[in-house]
Each structure stands twice: as structure tokens, then as C-alpha cells.
Amino acid sequence: MRIPGGTVNMVTKKPLPVKRQAVSFTVGSYDAYRVQADFTGPVNAESTLLYRVNVGYENAGSFRDQIFNESVLVAPSVSFLPDEATRVNVDLVYGINNTRLDRGQAVYGTQDLHSTPISFSLSQPSDHHRLKDFVLNASISRQLTDRLSINASYMKFRWDEDLAEHRTSNQFRNDTTMVMLYGERISEEVTDNVTTYVVGDVETGAIRHMAMLGFDYITDWSDGSSWGAVGTEAGVADFILTRPSYIVRRVDTYTPTSSTGYGEGRGEYSTYGIYVQDQMSLGRLKVLVGLRRDEYVDRLNPGEPGETRVVQTALIPRLGVVYGLGSALNLYGNYSAGFEPVAALYNSNPIYGGPFDPERSHMMEIGAKGEFLDQRLTVTAAAYQIVKTNVLASANSSANPDEMRQRGRERARGFEVEVAGNVATNLSLIAHYALNRTIISEDLDESLIGQDKENAPRHLAGAWAKYQIEEGSLAGIGLGAGFHHVASRFTFERANPAAGLDNLILPGYSVFDAALYYTVNNFRIAANLNNLTDQTYWVGGYASNRIFPGAPRSVLVSVGYSF
């Protein structure tokens, strides 16, 4: 499968042939603390068997009322290198997370974002969101000859969820009284992924080929049950925005509401993909040509009388060109298509309103990349267009806040530039700017056609500079500073003259951060100050009853020791 902009790979920290250990402890605002450890090295004297173990624990409050997070992560990894041509890796990741699901800040029906504080939450003390996930990744790579190699991998992913939450039902009785929904959900999802590919390095005359032939198989299975209750008729008390109440609710007295969309559902999908690719090099010119065929099989309620089965296929081309204008400047262009099935969890659970078709996309990009200041500074500039169909979006339904729908088509066009590198001996810089216009080009609601996509800013910018003192009595001290800027964005709450509503637009914002580092011997001390000006801002949102504020000023201090 491919998504717009490229593929997504999960890369874990691999074992190293040298012995290294590192531990760190972090404390910060909102009673946050974190402990991490990283141990790696050889198991035997020949260094053919290597290990690595990463462990972490985090416990943190939040600037958001009733929200917290407690998590544990354990990630062991083993590598076996019997010879220079072979490597076998086995990675495990096991995580446990205990939190409450943050559904965002609700504001009064007047669309005044400041009518409630950014700490305002609808979550209740009896709510919980408990997650467990497990990932197994095993891979082998073998250099068969100087010009031929083979790679194979298997990944298994399991995810378990136990959710109980009070949240908005997307209904107001008046501007300050919100009708509440209570929902419980137990779900699990299991994914298996097998990938294998062969790479050959051959020459035909003056042209050098890096050819690849591969196959992958993915199966995703999910199962779950849920129920919900809405409003005082079902025993769920209204939430008064002017007098918030946080008490342990008697959820055992709630009466399930049939119209919530909650229920039971099982789903399963599988994809089979075979692909071929050739990167051809001739002097300063490189051309990449690839073609992939995917078959997608979706089964809802498998093995039951109401089972439904959908089969779809896709041919996904890929084309790329790079031309070097010299040793320091390259021009490039590429085209790729995408085919992304919707997760079985969304298709199987009736609360989401599925089943849904896979999302499809087409991306075109042209750009240039240059190296300057003796290759210490890299500048990249590109223009692009991305077209996506069958886009999953919130239905913003008052009857079912979880309901999704598929939009016909969205189109993004833009330009981006990035500068990164060492502009002076002790000074590094990374800066970027993006001009992006993403519009809704096809939708069942014709009033949306031509409007900006939700939560898609037209302008993005950011920079981070770091200065390191390497000599004198202050050697080891580093200073960092930067900012990120996001322009205004639409939400799913659009103008409705009959209801007296305008477009709910989230304002643009600029957030400034700073950091101080000190390294001495094997110790490293760091202090990060985020949101220096204590800017109030919102990172995204659905509607006036679900917007997501950014964090106010906060501090994180960490101490690390390597040995």
C-alpha cells in the first residue's frame, strides 16, 4: 500500500556491536515524570549476536481537567549476524497505556472560543481508556551475490481497547446546557504482515539498473462490542457549561439508547500486493519506474449469516526522475498513486457508519535540492498536487458523534521550502515554510465544494536554531530556540444561516520554544521551555463542542547518564 507523499516504515532502534547503556529521568509541568533506559551491546565475543533493550515509564497529568496518562513500554531486540552477508532481526514492542480519552474543549453555542477555559473537559472521574498493544517484527536480509540481495519480514500487531467515557452528544438544550452521551467499547484488532523482495544490480550497456521485485500480504481482523446511552431520558445527566460537575457517575443505572449507533461488529480485510520497480542511472540522470497491483478483500461479520464480502483491485504506478545539474544541485519530479484500505475496526463497528471504500490518491511533485557552504547546508524546494478520493471525514452528526462518512474528492496544491544544516561552526539551523491550499472538490453537500478542507491551514512555518559552546569555561553548554506558525483553519461546523451559525474558524497562532543543554563527561542536563509567551491556541477541532487547545507554557527538565 502507498499513501500520498510516500510509504510509512516502522524503524526500531537496532542492537549495536559496542556496549552502551543510557538512563534518563525527566520531570515537568502538570506533575509529569518519565524514566527511560537503553541498553545495547554484543552477547558473545565474536559480536555475531547482539541485543538491545529499551524500557520506559511515564506518569503525567495535564492542563486539561480530568485528563492524565500513565504508560509503560518495553522493547527488546536481538540481531544475529552469522556472516557479513546475512542479518536476522527480531524486535518486540509491548505497551500499556492507562488514560482518559480527551474529546476536546466544548464552548458555548455562540462559537466564542474563549467562553470556556482551555482546561475545560467533559470527562468524568469514572471514565477510563485502557490500551494494550504488542508488535512482533522479524526480518532477514541476505546478500546472495555482489549484485543480488533478498529481504523478508513478518510483522504481527495486536491492539486491545477498553473504553468508558462521557462526552458530547453533539446536541445543546440551550447555549450553556449540553446533552451528554455515555459510551462503553471493548475492541481488539490483530494485523499480520508478510513482505519479501529481491533487489538486483545489473548493467545494460551504459545504463545501470537497480531492479526490485516484491510481494506483500496483509490481513487485518477486528472484533468488538459497545453500547451507549444519550440524555436524561437514559439517565445521563446534562452538562451545564457554566457549572461544570466532576463526580463518579452511576453508569450502572444508565439505559442503553438504540439510536446511538453502538452495537457489535466483526470485520476482516486482507490485501495482496505484487510490485516491480527499476531505478535506471545514466550519467547525471536517474529514472525510477514502478508498478504495483493490489487486491483488497473486505469481509464484514465473517462466518455469520449476514456476512458481506467486497473485492477491489488497483494498479498503482510510480514514476520518478532526478537530474543533477552539478555536484551540489539536483532537480527532481515524481508521480505516485495510493490505495489505502480503511481499518477493519471502522468497517466492522456499526457506530462508525461503514463499511467504507478504500481511499485512493494521486500525487505529483517537482522540486530541487541543493547543498551549499561546502555541503554544510541543504536547501530543498518543491511544488506539489495531491488528489484524494473516498476520504473518511466526520459526519458531525447530532445523533451519533462517532459517525463517519466518505467525501468524494479533495485536492491539495502547494509549495514548500526547507533549509537545514550548520550555518556556522557551532550553529545549526532548520527552517521550513509551506504554502498549502486544500479544497473540497466533490461532496454530497454541494455547499462545501470549493471550500477549504477542515483543519488544513494555508500557511505553515517553523524554525529551530541551536548554538553549542565547545571551548572555554562554558564548554558543553548549548542553547536552542525556535517557533512554529500555523494559519487559521476551518472546522466541520460550517455556516448555517437557518441556525444562526457562521463558519467556525480556528485562529492562526505562533508558538515560541527554547531549550538549554549542558553536557559534561557522561552526563547531559536539558531544560525545555515550551510556549514561552503562554499563547492560547487551538491545534484542531470538529465543531464548537469539540475543539482541541494547545498546551500553555510548560517546562521539562531531564537528566541523562551514558556509560
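Between the DSSP loop rule and a limit of at most 14 other Cβ atoms within 10 Å, which GluC sites (Glu not before Pro) in the range 463-563 are left?
E470, E471
With θ taken as phi - 60° and the coefficients 6.51, -1.76 and 1.60, list the Karplus ³J(HN,Hα) couplings across the range 450-455 in order, rounded to whole Hz; mark glycine and proline as x.
Values per residue, Gly and Pro as x: x, 7, 5, 5, 5, 6 Hz.
Given charges of +1 on the Cβ of Lys and Arg and -1 on the Cβ of Asp and Glu, with all other atoms neutral, how large is the dipole of the chain about its Cα centre, in debye to the nearest 20?
Rounded to the nearest 20 debye, it is 1120 debye.
Mind grabbing the base-10 log of I(q)/I(0) for the range 187-294 at q = 0.12 Å⁻¹? Debye formula, identical points on the C-alpha positions, no solvent, two decimal places.
Normalising to I(0) and taking log10 leaves -0.68.
Ordered by residue, what ³J(HN,Hα) values in Hz, to whole numbers, does the range 465-481 give under the Karplus form 6.51 cos²θ - 1.76 cosθ + 1.60, where θ = phi - 60° and Gly and Pro are x?
These are the phi-based 3J(HN,Hα) values: 10, 9, 10, 10, 8, 10, 9, x, 5, 9, 4, x, 8, x, 10, x, 7 Hz.
Enumerate the calculated ³J(HN,Hα) couplings along the range 31-44 in order (Karplus 6.51 cos²θ - 1.76 cosθ + 1.60, θ = phi - 60°), each rounded to whole Hz, writing x wherever the residue is Gly or Pro.
6, 8, 8, 8, 10, 9, 9, 9, 10, 8, x, x, 8, 10
Using a simple spin-label model with points 7 Å from Cα along the Cα→Cβ vector, what separation in nm is obtained for E304 and T86?
4.7
For the range 519-563 and the range 271-313, write down the distance between their C-alpha centroids in whole Å.
So the two Cα centres are separated by 40 Å.
Based on alpha-carbon centroids, what's the gap between the range 447-462 and the range 196-235 in Å, whole number please?
Between the Cα centre of the range 447-462 and that of the range 196-235, the gap is 28 Å.
Just one of [x] 26.0; [y] 28.9; [z] 27.2 is Kirkwood radius over Cα pairs in Å as worked out from the coordinates here. Which one is it?
Here the calculated entry is [z].
We did not get these values from a lab; they are worked out from the coordinates using the rules stated. Computed from a predicted structure; not experimentally measured. Virtual Cβ from ideal backbone geometry, glycine too; neighbours counted across all protein chains shown.
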